[in-house]
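For reference, the structure discussed in these notes is given below.
The values are calculated or read from the model by the stated rules, or taken from the named source; none is laboratory data. Fair warning: this is a prediction, and the values are worked out from it, not measured in the lab. Here the Cβ positions follow ideal geometry from the backbone for every residue, glycine too, while neighbour counts run over all protein chains shown. With ligands, DNA and RNA removed, areas are computed over all heavy atoms of the protein, side chains included. Shrake-Rupley method; radii C 1.70, N 1.55, O 1.52, S 1.80 Å.
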Amino acid sequence: MALLEVTNLSITFGGLRAVDNFNLTMEKGELYGLIGPNGAGKTTVFNLLTGVYKADEGLIKLDGLDITGHRTAEIDRDGIARTFQNIRLFKDLPVIDNVKVGLHNQFNYSTAESMLHCGRYHKVEKEMDEEAMKLLGVFDLDKERDYLSANLPYGKQRKLEIARAMATKPKLLLLDEPAAGMNPNETAELMETIQLIRDKFDMTILLIEHDMKLVSGICEKLTVLNFGRILAHGDTKDVLANPEVIKAYIGE
Amino acid sequence: MRKTQKKTLITYAIVIIAYIILEIFMKAGMMSSHLKGLLVPMVYYAIAAVALNLCVGILGELSLGHAGFMCVGAFSSAIVSQLLSGAIPDALRFILALIIGVVISALFGMLIGIPVLRLNGDYLAIVTLAFGEIIKNILNSIYLGVDSAGVHLSLKSQMALGLADDGKVLINGAMGITGTPQDSNFTIAIVVLLISLFIVQNMIDSRDGRAIMSIRDNRIASESVGINITKYKMTGFVVSAAIAGAAGVLFSHNIATMQATSQYFGYNVSIMILVYVVLGGIGNIRGSVIAACILYLLPELLRGLNKYRMLIYSIVLIVMMIINWSPALRDKRDKLRKKLMKGAGHGAA
Amino acid sequence: MLSFLNYFVSGLSLGSIYAIIALGYTMVYGIAKMLNFAHGDFIMIGCYMIFTIVSTMGLPPVAGIIVAVIVCTILGVTTEKVAYKPLRGASSPLAVLITAIGVSYLLENAALLIFGADTKSFTSVISWSGITLAGGQLKIQGVTIVTIAVSLLILVFLQLFVHKTREGQAMLAVSQDRGAATLMGINVNKTISITFAIGSALAAIAGALLCSAYPSLTPYTGAMPGIKAFVAAVLGGIGSIPGAMIGGLVLGIIEILSRTYISSQLSDAIVFSILIIVLLVKPTGILGKNIQEKV
């Protein structure tokens, strides 16, 4: 059974069909790329998948479960986590607390225990710290644990956002232009990180990206969007060789 | 010891040391009766500031209605104390009044939070202001009494209550509540402040607190990692209302006759508390306590200047805000600091 | 029925005053993106100016109104330059809000020092006694008619100003996107100054009408009408000029009718409840536009 099955997903904004009849099937463990020119509707697809927008039509199934119409927070608990094109960190919280917010639903103690620091508080907090540090270690952020996240360099902020998403233990990870604004070195490092997550956590990843080197370097499959519609999809090599795709990107 | 834990311990230490010093002054007879009378109000405004900072600084929602929660706490606890006066030991009665005042304020927080927390920014501010005024307005116009037949409520007049001979008027319309036992004293007020600080500071350093602050920093990201926004906004708001209610309990047990007037519970009181919060530092709980104490005492201590004190206070407020917050001045300060650091560095080398 | 009409008309009149204040509030909010808590106090300053000129110096009301408008305009523009402008772009929007509260305290206490705490009895600036209809049963006072007429005139003037003049267009641009407006060569500082000038002048006019209808003047006269007018602006949809008008009228009518028919003590509670109910149904007010955050 496919991990993610999206059928006939559509949404209209003020008469404009921003996403039209979008279909996508992803198998577990796949690293999938969603590409297309600016304004093609890629981020809108992410927003539909994560419940930020409600689809006019269509069906989203994750691991056999129909999650169409679920709210954003529910969808995260269902198993889809994401990052954002314009980084959205909890900027006034320390690095480690950003990850601990991600761990929120994996650990539990009551509000009373929160207020009084009694009962499970100390034990669970310790476990959360350990788990968070493990994740920060994977992303090479453990030395910055007490920095305010707003004070991290740009590349590390992107990494922290991925770490926070991973903390929610997703089945599917959505990365929205993870390499945006990065220099070639940072991009190369990011590619390694993405590979690492996939291998270490056996993660299924869908990513939006403009950097063709990154896309052709790590994505196994691609879907190309243009004006809200699917222009092509399939194995990366075939898609990138498709004349229609080349035309859409470079123009006539 | 973790940094956050150290910070909270310092806050408790400051409060306790200040308490001991003031107590010594008081016992040694070095304090005027006027100043003595200011101590309890100073502490309950500090508690209200801690409560409001939880809402404004930690939850990130501007409330202009916290005086309303104080009002609820004050009236509900005063009623409890009046009813139980003489029936049970005084200490127990006060604790019961405190608990009930806090719980009812929390309930009002929940009731008001349901509609209010759906709104954003300045809309939320004006609606909380509206709620505060409604609470004040209603408490100002109801008559409440009890007799052997039960509870009587009227919107018209005391006579309309139709109390039996054994009856007792609890709320006398615009005349308010008279004769609440004067249980509040400086020590009790400090204990309530410490408990409030304990709860708020603990909360900030906890799973719930992180969830609340994540909503403040970025609501969309917070939702995307599975935080139940409604639940945690509500948690923060209700705890904040409850603590403001505790400040109200101290208020009502410190004043012989209490009315729901603008002077005590109007939006201007909410604004005054907001001024404490902002000058103490948004999100800085310790700062709220210190700012509330200094700013409450300041105009009172300026009484020598009598006519000019509020004028001076307002000018100081404006100038402080501009100095503290102006982006241009901040830049200049940062540059100056860097220069000085550099200078110091050279000196050391 | 006739008494209802009577009350309705006085509601309309009070509503018109709220509307004039709300227009100033909503423009300042729309363009400077700040809650000018001191706005209500400009009303009070305007009233004291008129009181001084008319009652103390014995000059004609027109002179009083002109002086009040000039003083309030200068005061409004100066306040913005001295107290609010340095805080533009501050990291927290609360900074300028608290400063506005400081300005409000400052104006109230300055008035307290200069004019004293006692209630001044204000002489109406409108001497016309009004008209009598339905054989003497429906009497509409001159000040009521003038108030309603003035508010309508102001509404028309503002609509024309905003939509037909360069300065008005600049205001619209700044209110929608300050950054883009700057890039388009619009002088943002000048535009904000003009907005404060208009808002404060309106406050002075509202003050003249308010104190003519309710002739008792203290340093705190402006505070509550200021808050109510802000509620009116929010009710109508903040930033919207017709919205402020509608919000003001609705508020005034509800206030007078509930004071008459329900309870004089609960009328404020009812007014504020209306605001809450409207915002629950339509979170941006009656004529407000919905803006969704881009993800």
Original post:
Considering only residues of region A:98-109 that are buried (at least 23 other Cβ atoms within 10 Å of the Cβ) and within 7 Å of chain B (Cβ to nearest Cβ), which is nearest to B:Arg210 (Cα to Cα)?
Top reply: A:Val101
Original post:
Which residue pairs have Cβ atoms closer than 7 Å, lie 6 or more positions apart in sequence or on different chains, and pair a first residue in region C:9-20 that is in contact (Cβ under 8 Å) with a residue 40 or more places away in the chain with a second residue that is assigned to a helix (DSSP H, G or I) and among the charged types (D, E, K, R)?
Top reply: C:Gly11/C:Glu255; C:Leu14/C:Glu255; C:Tyr18/C:Lys228
Subject >> Single unsatisfied condition, A:His70 versus (1) more than 9 Å from chain B (Cβ to nearest Cβ); (2) farther than 25 Å from A:Met26 by Cβ; (3) surrounded by 15 or more Cβ atoms within 10 Å (Cβ to Cβ) >> reply: (2)
**OP:** Return the residue satisfying two criteria in turn: it lies in region A:134-159 and is in contact with a helix residue (DSSP H, G or I) (Cβ under 6 Å, 6 or more places away or on another chain) and in a helix (DSSP H, G or I), and of such residues it is nearest to A:Asp176 (Cα to Cα).
**Re:** A:Gly155
Original post:
What is the number of the single condition among (1) of a type outside the set (Asp, Glu); (2) surrounded by fewer than 24 Cβ atoms within 10 Å (Cβ to Cβ); (3) in a loop (DSSP other than H, G, I, E, B) that C:Thr221 does not meet?
Top reply: (2)
Subject >> Number of the exception - C:Ile276 against (1) surrounded by fewer than 23 Cβ atoms within 10 Å (Cβ to Cβ); (2) not in a helix (DSSP H, G or I) >> reply: (2)
Subject >> Subset of region B:152-194 (residues that are within 14 Å of chain C (Cβ to nearest Cβ), open to solvent by 30 Å² or more (accessible area, probe 1.4 Å) and assigned to a helix (DSSP H, G or I)) >> reply: B:Ala160, B:Ala174, B:Met175
Original post:
Got a sec? Which of B:Asn268, B:Asn228, B:Asn218, B:Asn254 is closer than 29 Å to B:Pro41 by Cβ, open to solvent by 10 Å² or more (accessible area, probe 1.4 Å), facing another protein chain (nearest Cβ under 9 Å) and not small (Gly, Ala, Ser)?
Top reply: B:Asn268
Subject >> The lone exception for A:Leu31 - which of (1) within 13 Å of another protein chain (Cβ to nearest Cβ); (2) in contact with a helix residue (DSSP H, G or I) (Cβ under 7 Å, 6 or more places away or on another chain); (3) open to solvent by less than 10 Å² (accessible area, probe 1.4 Å) it fails >> reply: (1)
Original post:
Exactly one of (1) at the interface with chain B (Cβ under 8 Å from one of its Cβ atoms); (2) in contact (Cβ under 8 Å) with a residue 40 or more places away in the chain; (3) open to solvent by 40 Å² or more (accessible area, probe 1.4 Å) is unmet by C:Pro61. Its number?
Top reply: (1)
**OP:** Within region A:167-178, track down each residue that is open to solvent by less than 10 Å² (accessible area, probe 1.4 Å) and out of contact with any strand residue (DSSP E or B) (no Cβ under 6 Å at 6 or more places or on another chain).
**Re:** A:Ala167, A:Pro178
Subject >> Given (1) closer than 23 Å to C:Asp177 by Cα; (2) open to solvent by 20 Å² or more (accessible area, probe 1.4 Å), number of the condition C:Met34 does not satisfy >> reply: (2)
Original post:
Would you call C:Lys120 touching a Gly at 6+ places or on another chain (Cβ under 8 Å) and either more than 20 Å from C:Ser216 (Cβ to Cβ) or open to solvent by less than 50 Å² (accessible area, probe 1.4 Å) (or both)?
Top reply: no
**OP:** Looking at (1) within 14 Å of chain B (Cβ to nearest Cβ); (2) over 23 Å from A:Ile80 (Cβ atoms); (3) touching a Lys or Arg at 6+ places or on another chain (Cβ under 9 Å), find the lone condition where A:His122 falls short.
**Re:** (3)
**OP:** Taking the options A:Val19, A:Val52, A:Val45, name whichever one is within 14 Å of chain B (Cβ to nearest Cβ) and either more than 18 Å from B:Val225 (Cα to Cα) or not in a strand (DSSP E or B) (or both).
**Re:** A:Val52
Original post:
Residues of region B:288-325 being touching a residue at least 60 places away in the same chain (Cβ under 8 Å) and open to solvent by less than 70 Å² (accessible area, probe 1.4 Å), which ones?
Top reply: B:Ser288, B:Val289, B:Ala291, B:Ala292, B:Cys293, B:Tyr296, B:Leu297, B:Glu300
Original post:
Do we have C:Ile43 as open to solvent by less than 10 Å² (accessible area, probe 1.4 Å), away from every other protein chain (no Cβ under 14 Å) and out of contact with any Ser or Thr (no Cβ under 9 Å at 6 or more places or on another chain) here?
Top reply: no
**OP:** Please verify whether region C:129-141 includes one or more residues that are surrounded by fewer than 20 Cβ atoms within 10 Å (Cβ to Cβ), in contact (Cβ under 8 Å) with a residue 60 or more places away in the chain and at the interface with chain B (Cβ under 10 Å from one of its Cβ atoms).
**Re:** no
**OP:** Please tell me if A:Asn151 is free of Cβ contacts under 8 Å to residues at least 60 places away in the same chain, among the polar types (S, T, N, Q) and not assigned by TED's automatic domain parsing to the domain that holds A:Glu220.
**Re:** yes
Original post:
Can you find even one residue in region C:235-247 that is touching a residue at least 12 places away in the same chain (Cβ under 8 Å) and either touching an Asp or Glu at 6+ places or on another chain (Cβ under 8 Å) or more than 18 Å from C:Leu23 (Cβ to Cβ) (or both)?
Top reply: yes
**OP:** Quickly run through region A:140-165 and pick out the residues that are buried (at least 21 other Cβ atoms within 10 Å of the Cβ) and hydrophobic (A, V, I, L, M, F, W, C).
**Re:** A:Leu141, A:Leu160, A:Ile162, A:Ala163, A:Ala165
